[in-house]
Amino acid sequence: MNEERQPLVDPVTPTARPWQQPLIARLRAQARQDRLPHALLVEPGSRADSRDFGWRLAQALMCAAQPGDDACGSCDSCRLMAANSHPDFSFVTRERNPKRDGRLNRDISVDQIRQLIHRMTLTGSQQAGRCALIYPAERMNREAANSLLKTLEEPPPGTLMILLSHHPARLPVTIRSRCQHWRVDLPSRDQAEDWLRGQGVDEASIGPALDLAEGDPQQAFQLVDTGFLRMQQDFEDRLQGYLEGRTDAPSLVQQLKDFDSDDWRRLLANRLQRQIREQALAAVDTAGKQRLRQLLDLQARSDRPLQVEETNLNLQLQLEDLLISFKTALHRG
Ligand SMILES: [Zn+2]
């Protein structure tokens, strides 16, 4: 049953965080009431790797235990999902490329989508039908998206297609218009802090990591886990020493020689942005604050490097997305 399963994809453990649970409960409820659309476009509510959440969604859909807001974890279907071998589940993602030292391919290719469509039209063996997950959906190249579009127009009966995407605006509008759009909201600050505590993040790192990750707890966790937060704090301490006159500019540059120059320029730009934000927001009245906040958020986004390894199509969409947001921010308020 697995002859077409892609060997170039890492194993996944289906997982959902507490703030992702309501969306899973909604999926289960709509499935029970037979009110699910054929295709869902889901935003995971985090910029961190979300394949495990996508798998959890699929598991919750195909779990044989009824009712319940989440997958039971113990039925045959759940066990097959946990073992990465459910015959009615197809997962399409960027694959490792042996010709590029095992790095991930830039795109999801048209061949991958064609294979997926072929698998989806085979007869399902489990009762709950079939499910396909495409993640990150915005990485489908133009040809792949066109190929998927035909299937979205005439979906095989009994199938659910889940397009999981951090950047739905980068998908062609023709694809988006054929999917129901669901979004996971970021948790409250308290909930995010509790979750990070539960992951073993030390108390002193929780606040700064969440600030740096703009409230995204999964990304905050990664910042701690990869050592980026420590680097940022080290940088800020040294910069503070300079601002308070304990060291001069040449010595600071010397101290920072172990930092990658791109890293420390990015850290300095980030610090400047926070300073400008604080001062600008303090200077305007309540009515002006919301609009200013939008513009500052947009400025922060436009400063981030574009995903240059992406296709030209995606680069164009990223720029269009920025321009549309800019116009919206100017006309609001
Ligand atoms: Zn189950």
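No lab work stands behind these numbers, since they all come straight from the coordinates. This is a predicted model, so every value here is computed, not measured. Don't worry about glycine lacking a Cβ; one is built from the backbone with ideal geometry, like all the others, and counts go over all protein chains shown.
3J(HN,Hα) along the stretch 79-84, derived from phi through the Karplus expression 6.51 cos²θ - 1.76 cosθ + 1.60 where θ = phi - 60°, amounts to 5, 5, 5, 5, 8, 6 Hz, with x in place of Gly and Pro.
In this structure the amide hydrogen of MET140, modeled in the peptide plane, comes within under 5 Å of the amide hydrogens of ILE108, none closer than 5 places in sequence on its chain. With a Förster radius of 35 Å applied to the C-beta separation of LEU272 and GLU143, the computed FRET efficiency comes to 0.25. Rounded to the nearest 500, the 222 nm mean residue ellipticity of the chain from helices alone is -16000 deg cm²/dmol, with -39,500 (n - 2.57) taken per DSSP H run of at least 4 residues. With θ taken as phi - 60° and the Karplus curve 6.51 cos²θ - 1.76 cosθ + 1.60 applied, the whole-hertz 3J(HN,Hα) list for the stretch 200-214 is x, 6, 5, 3, 5, 8, 4, x, x, 5, 5, 4, 5, 8, 6 Hz, x standing for glycine and proline.
When N counts the residues of the chain, how does its alpha-carbon radius of gyration compare numerically with 2.2 N^0.38 Å, as a ratio?
Working: Rg = 22.5 Å, N = 333, 2.2 N^0.38 = 20.0 Å.
Rounded to two decimals, the normalised Rg is 1.13.
Helix 110-120 and the longest principal axis of the Cα set of the chain meet at an angle near 40°.
The angle separating the long axis of helix 51-62 from the principal Cα axis of greatest extent in the chain is about 30 degrees.
With a cut-off of 11 Å on the backbone N, the residues of the stretch 218-251 near the modelled label site 7 Å out from ASP202 along Cα-Cβ are 230.
Amide H contacts of ALA39 (H built 1.01 Å from N, in plane; Pro and chain starts excluded): MET161, GLN180 sit under 5 Å, all sequence-distant by 5 or more or on other chains.
For the stretch 32-41, 3J(HN,Hα) computed residue by residue from phi via the Karplus equation (6.51, -1.76, 1.60; θ = phi - 60°) reads 4, 8, 6, 10, 7, x, 7, 9, 10, 10 Hz, glycine and proline entered as x. List the residues whose amide H sits under 5 Å from the amide H of ALA64, counting only those 5 or more places along or on another chain, with H placed 1.01 Å from N in the peptide plane. Amide H neighbours of ALA64, under 5 Å, 5+ apart: SER77, CYS78. Cα centroid separation, the stretch 259-294 to the stretch 171-230: 20 Å. Each of the peptides 86-97, 172-183, 46-57 was scored by the mean count of other Cβ atoms within 10 Å over its residues; in descending order, highest first, they stand as 46-57, 86-97, 172-183. Between ALA83 and GLU153, what FRET efficiency follows from the Cβ-Cβ distance if R0 is 41 Å, with the result rounded to 0.05? Calculated value: 0.75.
The relative contact order of the chain comes to 18 percent, based on Cα pairs under 8 Å that sit 6 or more residues apart. Stokes-Einstein diffusion for the stretch 18-183, with the hydrodynamic radius set to the Kirkwood value over Cα pairs and evaluated at 20 °C in a medium of 1.002 mPa s, equals 133 µm²/s.
Within 10 Å of each candidate Cβ there may be at most 14 other Cβ atoms; applying that plus a DSSP loop requirement, which GluC sites (Glu not before Pro) in the stretch 175-275 survive?
GLU214, GLU244
What FRET efficiency do you get for ALA65 and GLN115 if R0 is 25 Å and r is their Cβ-Cβ distance, rounded to the nearest 0.05?
The computed FRET efficiency comes out at 0.25.
Between the stretch 76-101 and the stretch 23-64, the C-alpha centres lie 17 angstrom from each other.
The label point for PHE228 and the one for THR174, both projected 7 Å from the Cα toward the Cβ, are 3.5 nm apart. Helix 142-153 and the longest principal axis of the C-alpha atoms of the chain enclose an angle of approximately 50°.
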